[in-house]
Structure formats: structure tokens, C-alpha cells
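Here's the structure we're looking at; comments come further down.
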Amino acid sequence: MRPDLKAIKHTEERGAAILEQYSSRKRVELAIHHQEPDRVPISLGGSANHLTENLYRALREHFGFQDTGRRTLVGFYSTPDYNPLLDCLGTDMRFLHLRPVNSFIMNEIGPNFKPFVDEWGLRHELLSGYYNLGGEPLGHLESIADIEKYPWPDPNLPERVAGLREEAEKLFNFTDYSLVGHRPVYGNAWEMSRFLLGVEKALLMTAKDRKLFEAFFDKLSDVLDGFYAVFLDAVGPYIQIVEMAEDLGTNNGPMLNPKFYREVMWPYHRRTIERIKKKAPHVKVMLHCDGAIRRFIPDLIDAGFDILNPIESNLVGMEPAGLKNDFGKDLVFMGGVDLVKVLTRGNRTDIQNEIRSRVNEMGKGGGYILAPSHNFTNDVPLENLLSFFEEGKNLGVYPLEG
Amino acid sequence: MGIPQSDIYTAILEGDETTVTEQVEKALQMGIPAGVLLNETLIPAMAEVGDLFEKGEYFVPEMLIAARAMKAGLSILKPLLAEAKAETNGKIAIGTVKGDLHDIGKNLVTIMLEGAGFEVLDLGVDVPAERFVEVIEKEHVDMVAMSALLTTTMVNIEMTMKMIGEKGLRDKVKIMVGGAPLTREYARSIGADGFAADASQAAKEALVLLGGK
């Protein structure tokens, strides 16, 4: 019989263990299929769901665990292996990462950071605890010939998947965690267009040189799909979610014309998702997309995205209750706990209130995964980080209050 | 083809650099003064681009190509304006603050400020407080515009303002701030004169703040 979770929630003292009915994997499975599990799943480690290296170290000290010594490739930078930390925090998801090529420097953020140029010709630098990609190796793009001449990386290098299937299989068989395929690319085609062409050129091309842009986007998207193919061949059977990342928004609205998105980019997003689902039909596709992106959401649903992250809830049109009401039938939401005011500057009560609001606004009927509205930055106090994970589990319990 | 001014206006809205260049030259040949073209055609066209952006009909790419077209026209007018000693709307130094490399927003603000008739001194990214101070002292700017994308670098806006104050320069310039984590409330709390949430609003805000010029 199902225990009375609500009663437990209200009688247990804060910090005491809440009786959990489901495994993490089951909990996420229900949530991403729009059903209510025992509590809202909580995540750390995915896109827009990271710690700075300083915060990681502070948590390592707090819990007293050891580094595994391994680093993982996360988007276009690397982080320590989070798994021991995630065990301490009790989060529900564990992430699988495509391996970097041998020439990639798995830098730590700190004085020993070594700038380098990667297989795309992109220069990796560091500032303010954030990695930056420079160099614009296709900044000179003028013609189809330039697209053909560019030395596109080979997704099929064996080092990219070294030991990956074994890692996935082990986590699948010997743990109950929900397994997520972190994006096997720095970002998807629009994100990479901005890195490779430079932001201004990429934006200008969307308005001025549609034909060349489309030829470039087609080729780039196809190469990136190759990364998904090798990744899914290794981890597909074991994961529940795979991530994609495209930033289409600014703080105030769309970064580019939504009509252009629909006509030129959308078909390639749909193609990528179709290819992913052909290889791994059971997998839900998450899109990481920052900003005020409400105007894109119907097209994103139409392209086949299942989960949206990180829900910058402080931005216009991204109000959680409105998103849930308008798109909650089709989309699962992951994120939304405000970083800008609450996690950085609030206290425990503010964090409790914020989590309660998010859970009540977005958690009804499942379809919500608790996570911050963006990566945890260096100005998030340690006690706030701990509060987020503790309270997230306490306050996310179903049935919801409201 | 109609009269050059209306062709220039339309070509700026459509981001058609070639037509802007051709029609500005034609207008000058017809004897229309550079200052008139700037103030009655180029600047109003960019103002409409800003309005269309705010209304959600134009997006960043449309704004960028319009600004490029406007700049093509402006580059023809500039030597003539200098000869005529025509005044700009003011001189603005702009940069992202120390520690912040994120310049997409800052570049758009630069474009829109130029489009609104300001002379803009772009200091680039990761600009130390000392550099802002130096520019105020040596370049006689009317305004300093600073941005930060991260909550962790936002504090350097305040720090820069503090240094400007300590050097006794605060009364010499207006200060406008912006960037993702900032709000008007925050701008006010640190003593900035102005705040803008996007590039189009930044141009409008600068016109209000330096309106007395």
C-alpha cells in the first residue's frame, strides 16, 4: 500500500529522511511520462545544471569525499567526475559523457588552466570561472567551397567511446539511478554556428545570406548528428534522456527571427530528433535553451523535443505557471529555481518558498524535474546549495499541497 | 525609385547597404546637406528599427543588417559632418566590466547608440575600472556604459563606479548599465543614472540622459 507521503512530509522534522517509494530511475521515468512519482526528481550535472569548480571543491570539503581523479567532458568544458558528490546530495540522475579526443585538454578551472585549440579550430580560454570558445575558424565563410574545405571533425574516432558502453552498462545494472546522455557535442547546430562563424556573422547570415547559411547548417547539423549516432550506439539502451543544446533566446525575447527558425533551422532539429529516436526510440530528448523563448516553444514541441531546460523563470513569458498551463501537456520542464535572486542572494526560507512555488506550478501530473534556472555560479553560498538539494527532496513530495 | 531620402529610409529598414550608399551619394549630389540626411533620415530610420525591435517584429539579425546599412551611409557623411563641425549627440565610452567576456549585448548597444547619433568609444571586453577612469579623464566622454552578463561580474560594475567616484569624476559623466542579471532597481541602488534592458532601449535611455547636450 502506498504510504501517506503527505503525512510523513508534515510530521518528519526537516532533514530527516523522507520515505521514498520509488527508485530514482522509476521516479524519472514517471515524471518524463507526465505521471506523478513519489516526489519531483532533482538533478545536478546536466546542461545549465553545473557547479563552478570552486563550488565543487567547497562541497567536496563539506562532505569529505575523494575525487575519482577522472574528468568528464561537459559541453565544451570539463568538470570533475560528479558521481561521488551526487551520491552525497542524493540526486536522481547520473550523466554519461562522450569522451574527448586525445588532443583535448581536460582543464581544471584555476591557475593551471592551459588555453588550447581543439579539433574544430576553436580556442579554449578561461575567464570568471567560465570557459570561452574563440577563434571563429569559419569566420571567413563566403561560399559552399569554404564549407567543403573546412576540416570537419570525424565523429567516429574510437577514443570518443572508449569504455563508455561498459560504464553505462554498469550504472544501469548496478544502480537505480536515472541515466542521462549529456550532449555529446559542445552545442547543437545554431550554438556551433555561433562558435564557428562568430556571433555577429552567424546572426547576419540568417538575415542576409539564407542560402549559404542553410547549406552550412545542413552540413554542420549532419556532422553533429554523427556524434549523437556514435554516442547512442554506446549508451542508447541504458539512458532515459539525451540532451541537446541550442540557445535561441535573449533575456527579452528571441535572438533570431522565429520565422527564420521555423523555415531554416527547425527542419534540421526535427531531423536530428528523428535520427535520435530511430536509434533509441525509448529516449526522451531534452533541449537546453536559455532565455525568453516562449515564441519558439510551439515549434520546439513540433520538432519533437520532449523536455525543456533551464526555464529562466525570471524572464518575460517564462513564468512557470503559464508555461505549465500552455505547454505542460507536451513538455516536461527541468529547471526554473531562480538563480539570479534566490539561490545567490536568498536565505533558506527564500529557497523553500521558491522550491514550493516551482513544484506547485510545474509538478502537477508529473512532468517536472527540479533544477536551478542556470548553472550555479561562484556567488551561490554553500549553505544555499545544500539547502536547495535538501529542501528540493523535502518539498517535492507528492501529492502536492495546492 | 523615389526621392533619395525615402529610398535611404526604406533601405536602412531592409538592411540594404548598397542602396543606402547609392542613394546617400545621390542625395549629396542633389545638394542635400549631410547634417540634414543624418538627422532627418538616417537617425529616424534607426529609431524605427529600434521600435520594430521593441515591438517584436524585428530581431537581432534584422537590427544588425539595418545598422550595417546605416553605417555605410554614415561613413560617407562623416567627413562632411566633420567639415561642417556638426555636433554629435554626445560621446559614450562602452565596455563589459572586468572579468566579463560576454559582448554580444554590448556590441548591439554600440550599434544602436551609433544609430542614434552618438560617438561611441568601444573599450571592448574585460575592461578594468582604471581604464574607464582613464577614458573619462582623457577622452572627455559624456557617458560611460557598462555591462555584465554574470551575477559574479555584476559586482565589478559597482566597483568601477566606486573608483570613478573616488577619482572625483562622478559628476563629469552619466553612467548607464545593463546586462542579463541587472534590473532598473539594481541600477538605481548602485547609483547609476540609467539602465536599459536591450539595445534599442539603451539608445533611447542615452538620448534622455544626454538630452541636455
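Treating the beta-carbon of each Lys and Arg as +1 and of each Asp and Glu as -1, no other charges, what is the dipole magnitude of chain B about its Cα centre, to the nearest 20 debye?
620 debye
Which of the aspartates and glutamates could a cross-linker span from A:LYS170 if the Cα-Cα distance has to be under 17 Å and same-chain partners fewer than 8 positions apart are dropped?
List returned: A:ASP81, A:ASP87, A:ASP92, A:ASP233.
Most fluctuating residue of A:GLY226, A:GLY322, A:GLY335 in a GNM of chain A with Cα springs under 10 Å: which is it?
A:GLY322
Would you work out which of B:ILE76, B:ALA27, B:TYR9 lies farthest towards the positive end of the dipole of the stretch B:4-83, given +1 charges on the beta-carbon of Lys and Arg and -1 on that of Asp and Glu, about the Cα centre?
Of the candidates, B:ILE76 comes out farthest on the positive side.
With springs only between Cα atoms under 10 Å apart, run a GNM on chain A and tell me which of A:HIS97, A:HIS62, A:HIS33 wobbles the most.
Result: A:HIS62 has the largest fluctuation of those listed.
List every residue whose amide H lies under 5 Å from the amide H of A:GLY181, counting only residues 5 or more places away in sequence or on a different chain, with H placed 1.01 Å from N in the peptide plane.
A:LEU96, A:GLN240, A:ILE241, A:VAL242, A:GLU243
Let me have the relative contact order for the stretch A:58-159, percent, based on Cα pairs under 8 Å that are six or more residues apart.
Computed over the stretch A:58-159, the figure is 18 percent.
Just in the stretch A:306-350: which trypsin sites (Lys or Arg not before Pro) are loop by DSSP and have at most 10 other Cβ atoms within 10 Å?
When the trypsin sites (Lys or Arg not before Pro) of the stretch A:306-350 are filtered for loop state and at most 10 Cβ neighbours within 10 Å, nothing remains.
Between A:ASN112 and A:ASP350, how many nm apart are label points set 7 Å from Cα along the C-beta direction?
3.6 nm
Please list the helices of chain B that count as membrane-span-like by this rule: a mean Kyte-Doolittle hydropathy of at least 0.5 together with Cα atoms stretching 30 Å or more along the helix axis, each helix being a complete DSSP H run.
In chain B, the long hydrophobic H runs are B:60-83.
What FRET efficiency, computed as 1/(1 + (r/R0)^6) with R0 = 45 Å and r the Cβ-Cβ distance, is obtained for B:GLU25 and B:ASP171, rounded to the nearest 0.05?
Efficiency computed from Cβ-Cβ geometry: 0.55.
Where in the stretch B:30-135 are there trypsin sites (Lys or Arg not before Pro) that are in a DSSP coil and have at most 16 other Cβ atoms within 10 angstrom of their Cβ?
Passing both the DSSP loop test and the Cβ count: B:LYS55, B:LYS85.
Can you give the charge dipole size of the stretch B:77-128 about its Cα centre, rounded to the nearest 20 debye, using +1 on the beta carbon of Lys and Arg and -1 on the beta carbon of Asp and Glu?
80 debye
Counting other Cβ atoms within 10 Å, keep those with at most 13, restrict to DSSP loop, and tell me which trypsin sites (Lys or Arg not before Pro) in the stretch A:47-113 are left.
Passing both the DSSP loop test and the Cβ count: A:ARG70.
For helix A:53-63, what angle does its Cα long axis make with the longest principal axis of chain A, in degrees from 0 to 90 and rounded to 10?
Helix A:53-63 and the main axis of chain A meet at about 30 degrees.
In debye, nearest 20: dipole of the protein assembly as shown around its Cα centre with unit charges on the Cβ of K, R (+) and D, E (-)?
900 debye
On a 0 to 90 degree scale, rounded to 10, what angle separates helix A:164-174 from the longest Cα axis of chain A?
Long axis of A:164-174 versus the principal axis of chain A: about 10 degrees.
For the stretch A:188-336, what is the relative contact order in percent, using Cα pairs closer than 8 Å and at least 6 residues apart in sequence?
In percent, rounded to a whole number, it is 22.
I need to check one value: relative contact order of the stretch B:1-150, counting alpha carbon pairs closer than 8 Å and at least 6 residues apart, in percent.
24 percent.
Report, to the nearest 10°, how far helix A:199-208 tilts away from the longest principal axis of the Cα atoms in chain A, using its own Cα long axis and a range of 0 to 90°.
Helix A:199-208 sits at roughly 70 degrees to that axis.
Along the charge dipole of the stretch A:5-395, which of A:PRO37, A:ALA162, A:PRO237 sits closest to the positive end, that is, farthest toward it, with unit charges on the beta carbon of Lys, Arg, Asp and Glu (+1, +1, -1, -1)?
The Cα lying farthest towards the positive end belongs to A:PRO37.
Set the Förster radius R0 to 60 Å, insert the Cβ-Cβ distance between B:ARG188 and A:GLU166 as r into 1/(1 + (r/R0)^6), and round the FRET efficiency to 0.05.
Computed FRET efficiency for B:ARG188 and A:GLU166 comes out at 0.60.
For the protein assembly as shown, give me the percentage of DSSP beta bridges that are antiparallel, rounded to the nearest 5 percent.
Antiparallel bridges: around 25 percent, rounded to the nearest 5.
Bear in mind these aren't lab numbers, they're just calculated from the coordinates by the rules spelled out. Since this is a predicted model, take the numbers as computed values, not measurements. Here the Cβ is made from the backbone with ideal geometry for all residues, glycine too, and neighbour counts use every protein chain on show.
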